[in-house]
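**Q** Can you keep this structure in mind? I'll have questions shortly.
The values are calculated or read from the model by the stated rules, or taken from the named source; none is laboratory data. All of these numbers come straight from a predicted model, not from anything done at the bench. Don't worry about glycine lacking a Cβ; one is built from the backbone with ideal geometry, like all the others, and counts go over all protein chains shown.
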């Protein structure tokens, strides 16, 4: 399937909304329709992008003029900052996602973008990641319903299963599984053709999440970022994390810092994956798991990524 911007059918009444190139902030979303009932999976990073997506959906699928239910797969702003445009839709998320969504409000992102020009190398990297987005005027609409573990949703005659697999990428990652159609909306548990980033971890839990997806045997996976994917992409992500865990464990025992380890690990197999600076955060997360300490805070994570990108 081609990787172009816009709505792409992945099954009967099932669509993906893709945003190439899938890099920082350029997330995907999903639309599920059954009769007159509609469910949206994630909004986008700002109001203009979300509005454009909703207009595209309404033009292609008239019943999408009213979204009944919105599922936020996790708390990162590129999957929830557009929630306010959904009016009175039922908003659902896992309990940890709902809690985490309050921790980095859109106004804080707007302030960081404004301050970035005075923040040197870190600010330049931050603007490179997020300078294309407009965080003004966003009033974050939080979930009105939360769940823990799993939740089944009836949408017309169709059943969707929301499956909590976090903490991994974030504290409350959720999969949306349409088992009858063998379609899975993975959120950021899968970054297709790009390095993932373990903000929360542990990485060992993310490996477990990959195993769980493979047990579901989906045919089509709509990743949180990147082109449409399949089980091969999940197996490749699992191999990446398993390799990284092994290499990072050895370097942790040698007393290396995460940045030293990131500079020394060979990633030839994944050389064409985008956003290689995220490697240092994943290694730091593994180090934290091995040491039983807390993962990097976001500011420290961006400082480490900026340093790795400078030296690569």
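**Q** Check residue 266 against each of (1) buried (at least 18 other Cβ atoms within 10 Å of the Cβ); (2) assigned to a loop (DSSP other than H, G, I, E, B) and name the one condition it does not meet.
**A** (1)
For every residue, the table says whether it meets (1) touching a residue at least 40 places away in the same chain (Cβ under 8 Å); (2) in contact with a helix residue (DSSP H, G or I) (Cβ under 7 Å, 6 or more places away or on another chain).
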site	(1), (2)
3	yes, no
7	yes, yes
18	yes, no
76	yes, no
108	no, no
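**Q** May I pose another question? Among the listed residues 198, 168, identify the single one that is buried (at least 22 other Cβ atoms within 10 Å of the Cβ) and out of contact with any strand residue (DSSP E or B) (no Cβ under 8 Å at 6 or more places or on another chain).
**A** Numbers: 168 fails: out of contact with any strand residue (DSSP E or B) (no Cβ under 8 Å at 6 or more places or on another chain).
When all the criteria are applied, what remains is 198.
**Q** Right, something else. Can you find even one residue in region 228-239 that is without any contact (Cβ under 8 Å) to a residue 12 or more places away in the chain, out of contact with any helix residue (DSSP H, G or I) (no Cβ under 9 Å at 6 or more places or on another chain) and part of a loop (DSSP other than H, G, I, E, B)?
**A** No, the conditions are met nowhere in region 228-239.
**Q** Let me ask something additional. When region 129-160 is examined, which residues are found to be out of contact with any helix residue (DSSP H, G or I) (no Cβ under 8 Å at 6 or more places or on another chain), in a strand (DSSP E or B) and closer than 30 Å to residue 204 by Cα?
**A** Those that are out of contact with any helix residue (DSSP H, G or I) (no Cβ under 8 Å at 6 or more places or on another chain), in a strand (DSSP E or B) and closer than 30 Å to residue 204 by Cα: 145, 150, 151, 152, 153, 160.
**Q** Still on this structure: Kindly indicate whether any position in region 242-249 is under 19 Å from residue 160 (Cβ atoms) and over 14 Å from the mean Cα position of the chain (by Cα). Let's see the steps before the verdict.
**A** Taking region 242-249 and keeping what is under 19 Å from residue 160 (Cβ atoms), we get none.
No: zero hits.
So that you can scan it fast, the table gives a plain yes or no per residue for (1) surrounded by fewer than 21 Cβ atoms within 10 Å (Cβ to Cβ); (2) over 16 Å from residue 257 (Cα atoms); (3) modelled with pLDDT under 95:
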site	(1), (2), (3)
275	yes, yes, no
279	no, no, no
293	yes, no, yes
298	yes, yes, yes
307	yes, no, no
311	yes, no, yes
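**Q** Sticking with this one: Please verify whether residue 142 is at pLDDT 95 or above, crowded, with 19+ Cβ neighbours inside 10 Å and under 22 Å from the mean Cα position of the chain (by Cα), treating the condition exactly as stated. Show your work before the answer.
**A** Numbers: at pLDDT 95 or above: yes; crowded, with 19+ Cβ neighbours inside 10 Å: no; under 22 Å from the mean Cα position of the chain (by Cα): yes.
The answer is no for residue 142.
**Q** Looking only at strands (runs of 3 or more DSSP E) that fall completely inside region 1-70, which ones have 1 or more residues that are modelled with pLDDT under 95 and under 18 Å from residue 130 (Cβ atoms)? Don't jump to the end; show me each part of the working.
**A** Values: elements: 6-11, 14-18, 29-34, 37-41.
Hits in region 1-70: none.
**Q** Going through 92, 163 one at a time, which residue ends up being in contact (Cβ under 8 Å) with a residue 60 or more places away in the chain, within 17 Å of the chain's Cα centre (by Cα) and in a strand (DSSP E or B)? Steps first, answer last, please.
**A** Working: 163 fails: in contact (Cβ under 8 Å) with a residue 60 or more places away in the chain.
Matching residue, one of 92, 163: 92.
**Q** So which of 180, 209 is more than 22 Å from residue 297 (Cα to Cα), in contact (Cβ under 8 Å) with a residue 12 or more places away in the chain, in a helix (DSSP H, G or I) and in contact with a strand residue (DSSP E or B) (Cβ under 6 Å, 6 or more places away or on another chain)? Outline the logic, then answer.
**A** On the way: 180 fails: in contact with a strand residue (DSSP E or B) (Cβ under 6 Å, 6 or more places away or on another chain).
The conditions single out 209.
**Q** Is it fair to say residue 189 is over 18 Å from residue 301 (Cα atoms), outside any helix (DSSP H, G or I) and out of contact with any strand residue (DSSP E or B) (no Cβ under 6 Å at 6 or more places or on another chain)?
**A** Here the answer is yes, as residue 189 does meet what is asked.
**Q** For residues that are surrounded by fewer than 21 Cβ atoms within 10 Å (Cβ to Cβ), over 19 Å from residue 134 (Cβ atoms) and in contact with a strand residue (DSSP E or B) (Cβ under 6 Å, 6 or more places away or on another chain), tally how many sit in region 79-97. Break it down into steps so the answer makes sense when it comes.
**A** Taking region 79-97 as the starting set, the residues that turn out to be surrounded by fewer than 21 Cβ atoms within 10 Å (Cβ to Cβ) are 84-90, 95.
Narrowing further to those that are over 19 Å from residue 134 (Cβ atoms): 87-90, 95.
Retained after the next criterion (residues that are in contact with a strand residue (DSSP E or B) (Cβ under 6 Å, 6 or more places away or on another chain)): 89-90, 95.
So the answer is 3.
**Q** Which condition does residue 196 not pass, out of (1) closer than 25 Å to residue 311 by Cα; (2) assigned to a helix (DSSP H, G or I); (3) in contact (Cβ under 8 Å) with a residue 12 or more places away in the chain, if it passes all the others?
**A** All conditions pass for residue 196, except number (2).
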